[in-house]
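To keep things clear, I will list the structure first and then write my remarks on it.
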Amino acid sequence: MQIDVFTLIPHAFSWLTEHRPLATVLGKELELRLWSYRDFTPLSGGQVDDEPYGGGAGMVLRVDVVCAALEAVYGETRDRRIVALTPQGRQLDQALVEELADEESLTLLSARFEGFDERVVEHVATDTVSIGPYVLSGGELPAMVLLDAVARRLPGALREESGAMESFSPALDGGLEYPHYTRPPEYRGWTVPDVLLSGNHGRIDVWRREQSRVRSAL
Ligand code: ADE
């Protein structure tokens with residue numbers, strides 16, 4: 001899979017790329033490119049945003065700047081989904097993550113502060129995604145959330161032993177993860193469910209599926 005992120009702060013993504021799951025799939029299942037709008041702006045002095053028409057606080061990312069960046073990277077034709085991260089977008093859930101992880105290529109557009117000129121959302125983006133019903137100071141964190149969620153769905157992203165029954169895996173019918181326990185088996189009177197210590201993998205599997213089902217129904 002190939003993902004391009006357009007942002008004003010590409011270096012913000014470096015910690016994400018240095019850790020699992022991204023670090024594991026980078027250069028293999030995932031090619032990630034980080035682009036700065038500023039490198040492509042047709043305006044002088046590296047300008048990328050402007051005051052909103054009609055007045056008001058904050059700055060708005062200009063449509064001509066976003067288009068200049070996309071055209072510099074892709075030319076005139078873009079046969080890929082262009083996702084604008086915005087609090088007004090389609091709310092991200094696991095189904096949307098799976099859908100996006102199935103794409104061969106993907107573009108994420110992030111903006112700062114007051115967001116995009118609405119024409120980016122209307123005419124340039126093919127999709128809009130929100131990571132939740134709250135407003136952040138920019139689209140970088142949402143882009144990172146989406147990157148992490150997509151990267152862990154790519155082959156080889158998760159450790160071998162957890163791959164098959166990982167959270168949200170099809171093995172759990174798309175549900176939430178069952179509870180995990182590790183040593184010690186008893187701590188301050190807090191015990192581990194007997195079934196997990198039984199060594200009976202059939203029963204353990206049934207118990208985990210049931211737990212996952214109960215949690216997902218919450
Ligand atoms: N930009 C600011 N807030 C956001 C949110 N909740 N989701 C996506 N992009 C955003």
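A few points about this structure:
- Taking each residue of segment 117-137 that is over 18 Å from GLU103 (Cβ atoms) and charged (D, E, K, R) and looking for partners that are more than 14 Å from the ligand (Cβ to nearest atom) and at pLDDT 95 or above with beta-carbon atoms closer than 6 Å, six or more apart or interchain, yields ASP117/ARG62; ASP117/VAL63; ARG119/VAL63.
- Selection from segment 183-218 of residues that are over 30 Å from ALA95 (Cα atoms) and either in contact with a Cys (Cβ under 7 Å, 6 or more places away or on another chain) or assigned to a loop (DSSP other than H, G, I, E, B) (or both): ARG183, PRO184, PRO185, ARG188, GLY189, VAL192, PRO193, SER198, GLY199, ASN200
- Only listed residue being within 24 Å of HIS123 (Cα to Cα) and out of contact with any Cys (no Cβ under 9 Å at 6 or more places or on another chain), chosen from ALA95, ALA72, ALA12, ALA23: ALA72
- Pick from segment 111-124, criterion aliphatic (A, V, I, L, M) and within 14 Å of the ligand (Cβ to nearest atom), ranking: nearest to ASP49 (Cα to Cα): ALA111
- Of all residues in segment 12-37, exactly one satisfies the criterion of being hydroxyl-bearing (Ser, Thr, Tyr), crowded, with 18+ Cβ neighbours inside 10 Å and closer than 21 Å to SER137 by Cα, namely TYR37.
- Unique residue being more than 15 Å from the ligand (Cβ to nearest atom) and out of contact with any Asp or Glu (no Cβ under 8 Å at 6 or more places or on another chain) when the list is ASP64, ASP127, ASP93: ASP64
- Residues of segment 1-11 that turn out to be crowded, with 17+ Cβ neighbours inside 10 Å and part of a helix (DSSP H, G or I), as a count: 1
- Residue, farthest from SER36 (Cα to Cα), within segment 96-110, restricted to residues that are polar (S, T, N, Q) and more than 10 Å from the ligand (Cβ to nearest atom): SER105
- Enumeration of residues in segment 114-138 that are assigned to a loop (DSSP other than H, G, I, E, B) and surrounded by 14 or more Cβ atoms within 10 Å (Cβ to Cβ): GLU114, GLY115, ASP117, ALA125, ILE131, LEU136
- Residue satisfying condition, being surrounded by 22 or more Cβ atoms within 10 Å (Cβ to Cβ), within 13 Å of the ligand (Cβ to nearest atom), part of a helix (DSSP H, G or I) and aliphatic (A, V, I, L, M), within set LEU141, LEU146: LEU146
The values are calculated or read from the model by the stated rules, or taken from the named source; none is laboratory data. Because the structure is a prediction, the values reported are computed rather than measured. So basically every Cβ, Gly included, is an ideal-geometry build from the backbone, and we count neighbours across all protein chains shown.
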